[in-house]
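The values are calculated or read from the model by the stated rules, or taken from the named source; none is laboratory data. Being a predicted model, the structure only gives us computed values, none of them experimental. All Cβ positions, glycine included, derive from the backbone under ideal geometry; neighbour counts span all protein chains shown.
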Amino acid sequence: MNLKHHRGIQVRNGDISEINDIIVVEDRFQILFNDVPVTDVIASRDQLRELGAGFVITEGLTRCVDKVKLDGDRILVYADCGCDIAKTKKELGSSGGISVLTEQGKVSSDIHITPEDVFSFSREIETEVWRKTGAVHCSVLFYEGKCVVKSSDVGRHNTVDKVVGHAILNKIDLSRCIIGCTGRQPAGMVKKDANAGIPIVISRAASTDKGIAAAKAAGITLVCFSRGDRFTIYTHPERILGV
């Protein structure tokens, strides 16, 4: 991820001092699916192959990815199976990004975790860049109880795409995964997890009414406000043993 330093004047407890702060760089990339432009995304310049692979999966454009190539600021994703981009509709999401209007997927998984797992996973929802700058969101993906990938980005949607893309490119079964996020969970975020087939979502932040409805319809266990010694389960609590 690109970082740079920028001069600032800090005021703290009445004291004024000059600081050299660490700032996150945001870039613009174009995602193409089978050589057809889909959208431009504002994102951080790392895990770009994962970003492309995850985007086409979480937006419901395809269920498989054959290869991903980088060409400057273009991310080219290829798959033998997938929808016709020319026939898809798009909408402006709650983050200001473009989402593809496809039918939301449904999750099928017999995975279960404990409240102690929720607390343990929640403590992992951070990255070094998040700690240094406070200017990024992050998502983490757990498989068989272990964290297999962490992603930071200026956009919360991008972090989901990146961890999903990592799983797709490394052939990890997403129906056995739990995702942890720093970002809130409106319908657009939940839809990404549903299309990826992830059964449990843990967020440090809140959801919206449409986000909760989307999780209920998709069969996702949605856990929010997972901070310190508390969390709130909004949908499908049967996957959290003992509650």
Item to check | Hits in the range 28-64 (condition: crowded, with 24+ Cβ neighbours inside 10 Å, touching a residue at least 60 places away in the same chain (Cβ under 8 Å) and under 21 Å from ALA196 (Cα atoms)) | outcome: ALA43, GLN47, GLU50, LEU51, GLY52, ALA53, GLY54, PHE55, ILE57, THR58, GLU59
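For the range 219-243, give me each residue that is within 17 Å of the chain's Cα centre (by Cα) and closer than 15 Å to ILE179 by Cβ.
Going through the range 219-243, the residues within 17 Å of the chain's Cα centre (by Cα) turn out to be 220-226.
Within the range 219-243, ILE220, THR221, LEU222, VAL223, CYS224, SER226 qualify.
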Checklist entry - What about SER152, is it within 18 Å of the chain's Cα centre (by Cα), within 11 Å of ILE179 (Cβ to Cβ) and in the same structural domain as PRO199 (by TED's automatic domain parsing)? => result no
Item to check | Every residue from the range 201-222 that is in contact with a helix residue (DSSP H, G or I) (Cβ under 6 Å, 6 or more places away or on another chain) and more than 11 Å from LYS106 (Cα to Cα) | outcome: VAL201, ILE202, LYS210, GLY211, THR221, LEU222
Checklist outcome for this item: GLU144 vs (1) among the charged types (D, E, K, R); (2) at positive phi; (3) modelled with pLDDT of 95 or more: all pass except (3)
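Identify all residues within the range 172-226 that are of a type in the set (D, E, K, R) and either without any contact (Cβ under 8 Å) to a residue 12 or more places away in the chain or in contact with a Lys or Arg (Cβ under 8 Å, 6 or more places away or on another chain) (or both); write none if there are none.
Step one: filter the range 172-226 for residues of a type in the set (D, E, K, R), giving 173, 176, 184, 191-193, 204, 209-210, 216.
Selection gives ARG184, ARG204, ASP209.
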Checklist entry - Within the bounds of the range 102-109, is there any residue that is within 20 Å of LEU48 (Cα to Cα) and either out of contact with any helix residue (DSSP H, G or I) (no Cβ under 6 Å at 6 or more places or on another chain) or not basic (Lys, Arg) (or both)? => result no
Checklist entry - When you go through (1) modelled with pLDDT under 95; (2) surrounded by fewer than 16 Cβ atoms within 10 Å (Cβ to Cβ) one by one for GLY188, which number turns out not to apply? => result (2)
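Just one of VAL118, VAL160, VAL100 is at pLDDT below 85, in contact with a strand residue (DSSP E or B) (Cβ under 9 Å, 6 or more places away or on another chain) and surrounded by 18 or more Cβ atoms within 10 Å (Cβ to Cβ); which is it?
Numbers: VAL118 fails: at pLDDT below 85; VAL160 fails: at pLDDT below 85.
Going through VAL118, VAL160, VAL100 in turn, just one is at pLDDT below 85, in contact with a strand residue (DSSP E or B) (Cβ under 9 Å, 6 or more places away or on another chain) and surrounded by 18 or more Cβ atoms within 10 Å (Cβ to Cβ): VAL100.
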